[in-house]
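**Student:** This is the structure, below, for whatever I ask next.
The values are calculated or read from the model by the stated rules, or taken from the named source; none is laboratory data. For clarity, every value in this text was computed on a predicted model and none was experimentally measured. Heads up, the Cβs are rebuilt from the backbone with ideal geometry, glycines too, and the neighbour counts pull from every protein chain shown.
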2 protein chains.
Amino acid sequence: MQLHGGYVPQADGNANAGVVERLREAIVRGEIEPGERIREAEVASQLGVSRTPVREAFLVLAAEGLLTLQPGKGAHVRVYSAEDIRIVHEVRSLVEGCAAKFAADRISNQQLDLLRESCERLEALPDGAVSDCNEENLRFHNLIFSVVGNAQLMHVARHLLEVPLPYKRDYWSDPARKRRSELAHRRVYAALLVRDALAAEEAMREHVADVGQDVSQVIAN
Amino acid sequence: MQLHGGYVPQADGNANAGVVERLREAIVRGEIEPGERIREAEVASQLGVSRTPVREAFLVLAAEGLLTLQPGKGAHVRVYSAEDIRIVHEVRSLVEGCAAKFAADRISNQQLDLLRESCERLEALPDGAVSDCNEENLRFHNLIFSVVGNAQLMHVARHLLEVPLPYKRDYWSDPARKRRSELAHRRVYAALLVRDALAAEEAMREHVADVGQDVSQVIAN
DNA sequence: TGTGCATACATTGTATGCAAAACTCATCGA
DNA sequence: TCGATGAGTTTTGCATACAATGTATGCACA
C-alpha cells in the first residue's frame with residue numbers, strides 16, 4: 001500500500017475526515033487492491049497522524065462498504081463479486097432515478113447551469129483521460145443528490161456510487177462508452193431543464209442500468 | 001439522556017460495537033430525542049467504557065444517518081423533516097422491492113420457514129405491544145436482506161429502515177395499521193413461497209409505500 | 001520431512017493525558 | 001435593556017501508553 005504525497009491538512013478541521021478522504025480515493029482508484037490488508041500504523045505514519053484518526057477513518061469506510069473490519073484482525077478492502085456489482089447497479093438505478101425525479105421539482109437555474117457545465121466539461125475531455133472522466137462523472141451525479149438535499153438519500157446514493165468504482169477503473173477508456181455516457185447525461189439534463197420529473201427518472205434509471213451492464217461485462221472478462 | 005441498565009459485554013469482542021448497539025437502540029426507540037446532544041464522556045461513564053469506543057460509535061452512527069457530528073461541537077441525534085421521511089420511504093420502497101425480487105430466486109425452504117414464523121409471531125402479538133411489533137417487523141425485513149446477502153444492499157436498506165424509526169414510535173398502536181402490515185407481510189411471504197419475483201417486488205413495494213403514507217400522516221399531525 | 005507447541009514479534013483495542021476549541025455566564029459599557 | 005467582552009469551565013480532538021489479541025518463527029519430537 002502506498003499513499004502518494006504528504007498529508008494535506010483538511011479544510012474541515014478533523015484529521016479523521018482527511019484520512020477518510022485519502023483512503024477512500026486510494027481505494028476507489030484501485031490503488032489499494034480489493035482484498036488487500038490495511039494496517040493502522042502504516043497509514044498513520046504515511047499521513048503523519050497518530051493511529052487514532054486512522055482507526056476512526058476505518059470505521060467510516062467500513063460503514064460505506066469499502067472496508068471490512070474483523071475484530072482483532074484488522075481491515076481489508078472489501079471484495080465484491082461480479083454478481084454483487086450487478087445488484088448494486090440495479091439498486092443504484094432505482095435510487096438515482098428516484099433522486100432525479102425529486103430533483104426535477106427542486107432544481108434552481110443556477111444548479112441547472114452547473115449540470116450543463118459538467119456535461120460540457122465531460123464532453124471536452126479527451127479520450128483516455130480516465131480519472132478525469134471518473135471525477136467529472138461523480139460530480140454530475142452528486143450534483144443531483146445535492147439538489148434533493150436529503151441526507152439519507154445522499155448517503156445511500158453515494159455508497160452505491162462509490163462501491164463499484166474499484167471495479168470500473170477502465171470503464172472510461174473506451175470512447176464509445178464515454179460518448180454514451182455524455183449523451184445520457186445530456187438527456188438527464190434536458191429533462192431537468194424542462195422540469196419533467198418522469199423523463200428525468202427514466203433517463204437516469206436507464207443510464208445507470210446501461211453502465212451496470214457494461215461494468216458487469218468488463219468484470220466477467 | 002439516560003441509557004438504562006449497565007453495560008453488557010458483547011459477544012463480538014469490540015467495545016465500540018456494543019456502544020453502537022446501545023446507542024442505536026436508544027435513538028430508534030426515541031429514548032434520545034431528535035436534536036438532542038450526546039456527550040462522549042456521559043455515554044462512556046454510563047456504559048463503563050472509555051471515551052475512545054464511544055467516539056468510534058459516534059462515527060458509525062453518523063454514517064448510518066442517525067447522528068450529526070459537527071467538528072469541535074459534538075454529536076446530535078439527527079433531525080429529519082416530514083418531507084425527509086417521505087423521501088426515505090419512497091426510496092425504501094424501491095430498494096426493498098428490489099431486495100424482495102432478488103430474494104425470490106435465492107430463498108431456501110428454511111428461510112421461508114423463518115419468514116412464516118415471523119408472520120405468525122407478529123399476528124400473535126396483542127394490540128398495543130408496540131415495541132414488540134417494531135422488533136418483529138424489523139426481523140421480517142432484515143430476513144429478506146440477508147437472503148440476498150449483498151453487503152451493500154444490506155447497508156443501504158438497513159439505513160433506510162432505521163432512520164424513520166424515531167418518528168414512527170406509535171405506528172403500531174393502531175390495530176388497523178397492524179392488521180394491514182400483517183396482511184402485507186403474508187402477501188410478500190406468499191409470493192416468495194412460489195418464487196414469484198415480480199409479485200414479491202410489487203407486494204413489498206406497495207407495503208413500504210403504504211407505511212410511508214401512514215407515517216407521513218402521523219408526523220404531519 | 002512433517003507436526004505440535006512454546007516463545008517472540010506484530011498489530012489491534014482501550015484508556016488516559018494534554019492542548020485547543022467551544023461554551024457559559026457574569027460583568028461592563030453604550 | 002441589550003449586546004459585547006473576557007475569565008473559567010466544559011468538551012472535544014489527537015497522541016501516546018499500555019493491555020490483549022493475533023501471527024509468525026523456531027525448536028523438539030515423532
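**Student:** Among the residues of segment B:139-157, write down those that are of a type in the set (A, V, I, L, M) and either within 14 Å of chain A (Cβ to nearest Cβ) or surrounded by fewer than 16 Cβ atoms within 10 Å (Cβ to Cβ) (or both).
**Tutor:** Of everything in segment B:139-157, those that are of a type in the set (A, V, I, L, M) and either within 14 Å of chain A (Cβ to nearest Cβ) or surrounded by fewer than 16 Cβ atoms within 10 Å (Cβ to Cβ) (or both) turn out to be B:Ile144, B:Val147, B:Val148, B:Ala151, B:Leu153, B:Met154, B:Val156, B:Ala157.
**Student:** Suppose we keep only residues that are in a loop (DSSP other than H, G, I, E, B) and buried (at least 21 other Cβ atoms within 10 Å of the Cβ) within segment B:65-79. Which one would you say is nearest to the other protein chains (Cβ to nearest Cβ)?
**Tutor:** Step one: list which residues in segment B:65-79 are in a loop (DSSP other than H, G, I, E, B), which gives B:65-66, B:71-73, B:78-79.
Filter once more, so that each one left must be buried (at least 21 other Cβ atoms within 10 Å of the Cβ): B:65-66, B:78.
Values: B:Gly65: 5, B:Leu66: 10, B:Arg78: 7 Å.
Out of the qualifying residues, it is B:Gly65.
**Student:** Residues in segment A:43-56: is at least one within 9 Å of chain B (Cβ to nearest Cβ), at negative phi, more than 11 Å from DNA strand C (Cβ to nearest atom) and buried (at least 21 other Cβ atoms within 10 Å of the Cβ)?
**Tutor:** There is no residue in segment A:43-56 that is within 9 Å of chain B (Cβ to nearest Cβ), at negative phi, more than 11 Å from DNA strand C (Cβ to nearest atom) and buried (at least 21 other Cβ atoms within 10 Å of the Cβ).
**Student:** Taking the condition farther than 25 Å from A:Val163 by Cβ and in contact with a Gly (Cβ under 8 Å, 6 or more places away or on another chain), does B:Pro126 pass?
**Tutor:** no
**Student:** Which of (1) near DNA strand D (Cβ under 10 Å from one of its atoms); (2) closer than 23 Å to B:Leu61 by Cα is the odd one out, the single condition A:Ala44 does not satisfy?
**Tutor:** Only one criterion is unmet by A:Ala44, namely (2).
**Student:** Return the residues of segment A:115-128 that are crowded, with 16+ Cβ neighbours inside 10 Å and not basic (Lys, Arg); say none if nothing qualifies.
**Tutor:** Within segment A:115-128, A:Leu115, A:Ser118, A:Cys119, A:Leu122, A:Leu125 qualify.
**Student:** Scan segment B:84-105 and give yes if some residue there is assigned to a loop (DSSP other than H, G, I, E, B) and either in the same structural domain as B:Arg195 (by TED's automatic domain parsing) or surrounded by fewer than 17 Cβ atoms within 10 Å (Cβ to Cβ) (or both), otherwise no.
**Tutor:** No, segment B:84-105 contains no residue that is assigned to a loop (DSSP other than H, G, I, E, B) and either in the same structural domain as B:Arg195 (by TED's automatic domain parsing) or surrounded by fewer than 17 Cβ atoms within 10 Å (Cβ to Cβ) (or both).
**Student:** Ok, one more. Give the residue that is farthest from A:Gly72 (Cα to Cα), with candidates limited to residues of segment B:16-42 that are over 14 Å from the mean Cα position of the chain (by Cα), away from chain A (no Cβ under 13 Å) and of a type in the set (Val, Ile, Thr).
**Tutor:** In this case the residue turns out to be B:Ile32.
**Student:** Can you run down the residue pairs with Cβ atoms below 6 Å, 6 or more apart or on separate chains, where the first is in segment B:63-90 and under 14 Å from A:Val156 (Cα atoms) and the partner is outside any loop (DSSP other than H, G, I, E, B) and within 16 Å of DNA strand C (Cβ to nearest atom)?
**Tutor:** Final answer for the pair search is B:Ala63/A:Val60; B:Ala63/A:Ala63.
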